[in-house]
Amino acid sequence: MRRAVLVLGLFALVGSAAGAAAPPNVAVRPWQGAPALFVNGKPHFPLFHFSQEVLDDYARGFRQAGFRFYACIEEHSFLDLGWTDDYQFDFSKLDRVLMAFQRRLPDCYVMPKLHLWAPEWWIDRHPEEAVGLLIPPEHGEYVIGSGPKHESFASERWRAEAGEGLRRLVRHVMAAPYADRVLGIMVAGGTFGEWHPWAAESLPDTSEPMRRAFVRYLKRNYRGRVAALRRAWNNPTVTFETVTIPDQAERQTPQVGLFRDPARSRRVTDYYECFHAVTVEVLDHFCRIVKEASGGRLLTCVNYAYQPDMPYAPQEIHHRAPATALRLKSIDSFSSPHSYWHRGLGEHGAIRHFPQSLSARGKLFIDETDERTHLATPQLFRKVNTLDESLQILRRSFANVVTQGAGMWYMDHTSRAWYADPAFFADFARYQQWADAALQRPRGSAAEVALIADPGAERYLAAAADVTAQFYVAQLEQLCRGGAPFDRYLIEDLEEGLVPKRKVYLFWDAYAPTPRQRRAIERLKGDGRTLVWFFAPGFVTPDGLSLAAMERLTGIRFRQQAAPFATIRLQPGRFPDAPETFQGWREGFGPVRELAPRFVPDDPASVVWGTYADTGEPALVVKQMKGWRSVYCPTANLPWAVLNQIYREAGVHLYCETGDNLAVNRSWLSLHAATPGTKRLRLPRPARVVDVIGNQCLGEAITEFTLTLGAGETALVTVGDPAPTR
C-alpha cells in the first residue's frame, strides 16, 4: 500500500502574513431548559444560514439581518477530502471556500459540511471495499452522492484512509488563518451526505467487509459461543466462519402477517441490527477524529437519527439505531430536513427527528429548513407560489423550532435564488431578534403528552417497503393538529428514566420492547395516566410472537386473525369533527397497503370507539384499568378529533380545538392555520400574550384569546409572566 504523505492547501502554498488565529471554544450546553450553542463561553440561539457557498449578496443580506452562524459546501460541488491518491489530499478547495467566507463575513462563524465518500478512482482501485447489493442496479456508474458504486460503510480500509485524511484536514483548518471563524465540522457520508446507505433500493450490503463486520457482531452478541448462535438461528451446522448475509427472500418474507417470528428468523434480525450498528460505528470513528485533532474545540454535527418517513423504500433506507448514536460523546449535534410530506400551506412542516430525546442527552438538534420559496426552480418540493405564501412557511419553520428548544438553518440549495427579495431579509432580521429574545425566556417543554418511538422495531417486519414509516408520517399529521403539544422520545429514553412524567403516552411502534423496557412501561400504569397503543404492542418477544405478551402489556384481551386490514370506521356520532373512516396508508406511500395480522379486541370491559370497516368487529377501544387507561388503535392516522377526546379525558390541557397545527413550549405558542377563520386559544394559566409578527400585545394576565387567520397563515406569540401590578 502506498502511503505517500501529500497535503496541499492554498494558504500553505501562498503563505499567510497573519498566521493562524485562535479557534473559538465551542460547546453545546443546557440553557433555560434546552440545549444552546456556546461560543467562547456565551450562549447563542443556533440560527444559521446554509448555502452551497455564502456568496456576496447573501453575505450582505444575512449579515445585515444579524445572522452570526453559517454552514456551507462549495458553490459548484460537494466539499470533500480532496482525495487525489492513496493517502494524498488537496485541501485547496476548502481553503478557497473558507478564506472567502472570512473575507465576506469576518466576524461570523461557519461549519463546513465535509463529505467523506471515496472517490471513483478509489473504488476502481479497491473494488473489494465497495458496497455489495442483492439486486443488480439499473445503472452501475459512479455518481457523486448517490447510486451503487460506493464504499461499504464496513470497509476498514476506507475508514482508515478517509480517517487519516480527515485528521490532516482538521489539523490544517486549526492552523489556518481562518481558524477563528470555523465553528465545527459537519461529518457527511452515504446517500446525499445524510448517512443513508448507498443504493437502499438494491438491498445492501453483501460485501465481504460487511460480512466480516457481521461475524464480529455475532461473536460479541453470542460471546463467541457457536452453540448459542446455532440455538438462536435454529441451525445445527452454522459456524462463525460460514456466516453469510441474508438474501432478498429472507429479508422480505414474513412468517405471521407482516411479522418475522424471532424463533425462526433471528439470522435476519441479527443482520439488520449489525447493518445499522455499522453506520453508528462509522459516525463515532470520524467524529472522534474531529474531536481529537481539534483538541475538542470543534463542534461535530451529523445527519442521522431521522424519524422514518420514506414508506416507499425498503427498510434498509432509514436510520434504525438512533439511541446508540445519541449516546455517543463524539457527536454534539444532529440535523435533518423536516418532513417533505407535509410542507404545503396549512400543513405542519414539523421536525423530522426526536428533539426531546436529544435534549435529554445533552445534544443539539438543528432543523434543515430547505423550504422552497416561490422563487425556487425546479419545482420539486415547492409548495408555494407567492411571496406571502413563502413568508408563511418560513415563519412556520421558525415557530416549529423555537417551540422545540432546537436550532435551525435556513437553506438555499442555489446560494442566490430562493431568497432573492428584500422582504425575506426583513423577516430574517426579525427571526434573529426573536431568537435572541428566546434565550432570555424559559425554553423547556410545556407538553403533557409524550410520544414513545422504537425505530429499531422495523427489523421484526418483513415487506418490500418500510412499514412503520407509514405510522410516523400519518400519525404526526394528526398529532400536530391534536390541540396539545407533545414531546418525542425513544423507547430507550423511557428505559433509562429520561422521560418526564406525562399524562398521555403514545406508543407508535412498541412491537418488541425488551424486558427492561416492559418494566419501564409497567411503571407508567397509574396516577390516572393514559397509554395509547398502535397495531401490535408487545407482540414480539425473544421466544417468538405472543398474543399473551401483547395482552399483558396493554391489559386488553385480543383475538388474532390472519386477514389483513386497512380501514377503521369510527362509531357514528361519537366524533363529529372526525372523518367517518381512517387508515394509515395513502397514495405515494408504497406497496404495503394493508396490515396483518389483525388483532380484534375481545374484552367486555372495553368501550368500542371504532370498528374494522370490513367486518364491523371492535378495533379502536378504550379500557379503564385500575388507576390508568388503555387505548388500542390498530393503525395510524388516528384523527385529531379523537386525540382531542383522549386528551380531554386524561386531563390534558387543550390549547386549541379547531384542528390547526399547534406548537407550544413554556414561552412560545404558534398556530399555522389548516383552515381559515377565528381561532380560540386557551392557556393553562394567566399570561401576557404578545403577537410578535403583528408586534402587538394581545392582553395582560389572560387565559384566552383569539386569532383570525387565513388558511396557511402562521401566527406566533410569546406567552410570559403577566406584567406586575402596582
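The values are calculated or read from the model by the stated rules, or taken from the named source; none is laboratory data. Remember, it's a predicted structure, so these values are computed and weren't measured experimentally. As a convention, Cβ positions derive from the backbone with ideal geometry for all residues, glycine included, and neighbour counts pool all protein chains shown.
Output the residues belonging to segment 362-381 that are within 24 Å of P455 (Cβ to Cβ) and either of a type in the set (S, T, Y) or buried (at least 20 other Cβ atoms within 10 Å of the Cβ) (or both).
K363, L364, F365, I366, D367, E368, T369
Could you list, in sequence order, all residues of segment 42-79 that are of a type in the set (A, V, I, L, M) and more than 28 Å from the chain's Cα centre (by Cα)?
Start the filter on segment 42-79 by keeping residues that are of a type in the set (A, V, I, L, M), which leaves 47, 54-55, 59, 65, 71, 73, 79.
Those that are of a type in the set (A, V, I, L, M) and more than 28 Å from the chain's Cα centre (by Cα): L55, A59, A65.
Could we say that R557 is in contact (Cβ under 8 Å) with a residue 40 or more places away in the chain, more than 25 Å from Y340 (Cβ to Cβ) and in contact with a helix residue (DSSP H, G or I) (Cβ under 7 Å, 6 or more places away or on another chain) here? Quick ask: steps written out before the conclusion?
On the way: in contact (Cβ under 8 Å) with a residue 40 or more places away in the chain: yes; more than 25 Å from Y340 (Cβ to Cβ): yes; in contact with a helix residue (DSSP H, G or I) (Cβ under 7 Å, 6 or more places away or on another chain): yes.
When the stated conditions are applied, R557 passes them.
Within segment 628-652, restricting attention to residues that are of a type outside the set (S, T, N, Q) and in contact with a Ser or Thr (Cβ under 8 Å, 6 or more places away or on another chain), which residue is surrounded by the fewest Cβ atoms within 10 Å (Cβ to Cβ)?
E649
For a quick check of your reading: which helices (runs of 4 or more DSSP H) sit entirely within segment 29-127 and have at least 2 residues that are within 22 Å of E161 (Cβ to Cβ) and aromatic (F, W, Y)?
Counting at least 2 such residues, we get 120-125.
Being under 30 Å from A673 (Cβ atoms) and either of a type in the set (G, A, S) or at pLDDT below 95 (or both) is true for just one of A484, A520, A510, A463. Which residue is that? Please lay out each step first, then the result.
Working: A520 fails: under 30 Å from A673 (Cβ atoms); A510 fails: under 30 Å from A673 (Cβ atoms); A463 fails: under 30 Å from A673 (Cβ atoms).
That would be A484, the only listed residue that is under 30 Å from A673 (Cβ atoms) and either of a type in the set (G, A, S) or at pLDDT below 95 (or both).
Yes or no: I351 in contact with an Asp or Glu (Cβ under 9 Å, 6 or more places away or on another chain), among the β-branched types (V, I, T) and more than 28 Å from D270 (Cβ to Cβ)? Full working, then the answer.
Working: in contact with an Asp or Glu (Cβ under 9 Å, 6 or more places away or on another chain): yes; among the β-branched types (V, I, T): yes; more than 28 Å from D270 (Cβ to Cβ): yes.
Here the answer is yes, as I351 does meet what is asked.
Which of (1) touching a residue at least 40 places away in the same chain (Cβ under 8 Å); (2) closer than 30 Å to K149 by Cβ does G257 not meet, given it meets every other one?
Of the numbered conditions (1) touching a residue at least 40 places away in the same chain (Cβ under 8 Å); (2) closer than 30 Å to K149 by Cβ, the odd one out for G257 is (2).
Name the one entry in M625, M550 that is hydrophobic (A, V, I, L, M, F, W, C) and crowded, with 22+ Cβ neighbours inside 10 Å.
Details: M625 fails: crowded, with 22+ Cβ neighbours inside 10 Å.
None of the other options fit; the residue is M550.
Within segment 296-309, can you find the residues that are more than 19 Å from E273 (Cα to Cα) and touching a helix residue (DSSP H, G or I) at 6+ places or on another chain (Cβ under 8 Å)? Steps first, please.
Within segment 296-309, the subset more than 19 Å from E273 (Cα to Cα) is 296-303, 309.
Residues satisfying the conditions are R297, L298, T300, V302, D309.
Taking only segment 557-585 into account, find how many residues are touching a Pro at 6+ places or on another chain (Cβ under 9 Å) and surrounded by fewer than 20 Cβ atoms within 10 Å (Cβ to Cβ).
11
Mind checking which residues of segment 281-319 are touching a Gly at 6+ places or on another chain (Cβ under 9 Å) and within 16 Å of A154 (Cα to Cα)?
Once the filter is applied, which keeps residues that are touching a Gly at 6+ places or on another chain (Cβ under 9 Å) and within 16 Å of A154 (Cα to Cα), segment 281-319 yields V282, L283, H285, F286.
Which members of segment 353-378 meet the condition of being closer than 24 Å to G497 by Cα and part of a loop (DSSP other than H, G, I, E, B)?
Result: H353, F354, R361, G362, K363.
Taking T675 and the conditions (1) surrounded by 14 or more Cβ atoms within 10 Å (Cβ to Cβ); (2) touching a residue at least 40 places away in the same chain (Cβ under 8 Å), which numbered condition does it fall short on, given that it satisfies the others?
(1)
Please tell me if F381 is assigned to a loop (DSSP other than H, G, I, E, B), in contact with a Phe, Trp or Tyr (Cβ under 8 Å, 6 or more places away or on another chain) and aromatic (F, W, Y).
So F381 passes the test.
Only one of these conditions is not met by V401: (1) assigned by TED's automatic domain parsing to the domain that holds F48; (2) in contact (Cβ under 8 Å) with a residue 60 or more places away in the chain. Which number is it?
Every condition holds for V401 apart from (2).
Are there strands (runs of 3 or more DSSP E) fully within segment 484-585 with at least 2 residues that are over 30 Å from L683 (Cα atoms)? List them.
Once the strands (runs of 3 or more DSSP E) in segment 484-585 are filtered for at least 2 residues that are over 30 Å from L683 (Cα atoms), what remains is 558-561, 567-570, 581-583.
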